[in-house]
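**Q** Starting off with a structure, shown below.
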């Protein structure tokens, strides 16, 4: 039930459903809304984090990882987790409020992910509860040149319809085109709403 709570919460934080109202993909709206989220209306502190066991399982696929980048890093909690495992972690988010609250503000860059270009190569790119909000369908392919040998991309996302935090399965597959899906694991399934929370680990072909 915890996973269902986080999926619903992520949708509620955006304040609208796909079938209602304004399109939240507009950059200005999104930026203003996430600044409001992180300013405490509602509180951004409650976003789902990886458990110790979950993160260990993911990093087992990258035993030599030294550098990681969290895309849509929010308050930097994943970066702090990675730092505790001796991985040099950086992040990017376009919410100034998120950076103000970040536990690692010196490693956080303000930028729109749709136009973001990584400043250097990394072992792992993380996209946790983020990819559904990406308008640029070529984002993952644009990251390819910045993935080190034996590196990859880690995606955690709800799949389904009805909530803005959910990405449609067809679109996700299109965005992953050109990568090898090394791992695809369903962490939670809401049969009633036809939604699921999925972990993907991608490698370059």
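The values are calculated or read from the model by the stated rules, or taken from the named source; none is laboratory data. On a predicted model such as this, the values are computed, not experimentally measured, just so you know. Note that each Cβ is placed from the backbone with ideal geometry, even for glycine, and that neighbours are counted across all protein chains shown.
Residue-by-condition table, conditions (1) in a helix (DSSP H, G or I); (2) at pLDDT 95 or above; (3) within 16 Å of residue 128 (Cβ to Cβ):
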{"residue": "172", "(1), (2), (3)": "yes, yes, yes"}
{"residue": "181", "(1), (2), (3)": "no, yes, no"}
{"residue": "185", "(1), (2), (3)": "no, yes, yes"}
{"residue": "189", "(1), (2), (3)": "no, no, no"}
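**Q** Kindly indicate which of 120, 116 is within 24 Å of residue 30 (Cβ to Cβ) and in contact (Cβ under 8 Å) with a residue 40 or more places away in the chain. First the steps, then the outcome.
**A** On the way: 120 fails: within 24 Å of residue 30 (Cβ to Cβ).
Criteria check complete, one pass: 116.
**Q** Right, another one. When region 132-165 is examined, which residues are found to be in a loop (DSSP other than H, G, I, E, B) and surrounded by fewer than 17 Cβ atoms within 10 Å (Cβ to Cβ)?
**A** Answer for region 132-165, where residues must be in a loop (DSSP other than H, G, I, E, B) and surrounded by fewer than 17 Cβ atoms within 10 Å (Cβ to Cβ): 135, 136, 137, 138, 161, 162.
**Q** Restricting region 181-205 to residues that are without any contact (Cβ under 8 Å) to a residue 60 or more places away in the chain and crowded, with 17+ Cβ neighbours inside 10 Å, which is farthest from the chain's Cα centre (by Cα)?
**A** That would be 196.
**Q** Now a separate question. Has region 24-33 got at least one residue that is touching a strand residue (DSSP E or B) at 6+ places or on another chain (Cβ under 7 Å), surrounded by 11 or more Cβ atoms within 10 Å (Cβ to Cβ), modelled with pLDDT of 75 or more and not in a loop (DSSP other than H, G, I, E, B)? So that I can check it myself, show each step before the final result.
**A** At the first step, the residues of region 24-33 found to be touching a strand residue (DSSP E or B) at 6+ places or on another chain (Cβ under 7 Å) are none.
No: zero hits.
**Q** Answer yes if at least one residue in region 61-73 is assigned to a loop (DSSP other than H, G, I, E, B) and either more than 22 Å from residue 147 (Cα to Cα) or at pLDDT below 95 (or both), and no otherwise.
**A** Initial filter on region 61-73 (assigned to a loop (DSSP other than H, G, I, E, B)): 61-66, 72-73.
Subset that is either more than 22 Å from residue 147 (Cα to Cα) or at pLDDT below 95 (or both): 72-73.
Looking for residues that are assigned to a loop (DSSP other than H, G, I, E, B) and either more than 22 Å from residue 147 (Cα to Cα) or at pLDDT below 95 (or both), one finds at least one in region 61-73, hence yes.
Table: residues versus (1) within 17 Å of the chain's Cα centre (by Cα); (2) surrounded by fewer than 20 Cβ atoms within 10 Å (Cβ to Cβ).
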{"position": "73", "(1), (2)": "yes, no"}
{"position": "87", "(1), (2)": "no, yes"}
{"position": "99", "(1), (2)": "yes, no"}
{"position": "106", "(1), (2)": "no, yes"}
{"position": "111", "(1), (2)": "yes, yes"}
{"position": "115", "(1), (2)": "yes, yes"}
{"position": "119", "(1), (2)": "no, yes"}
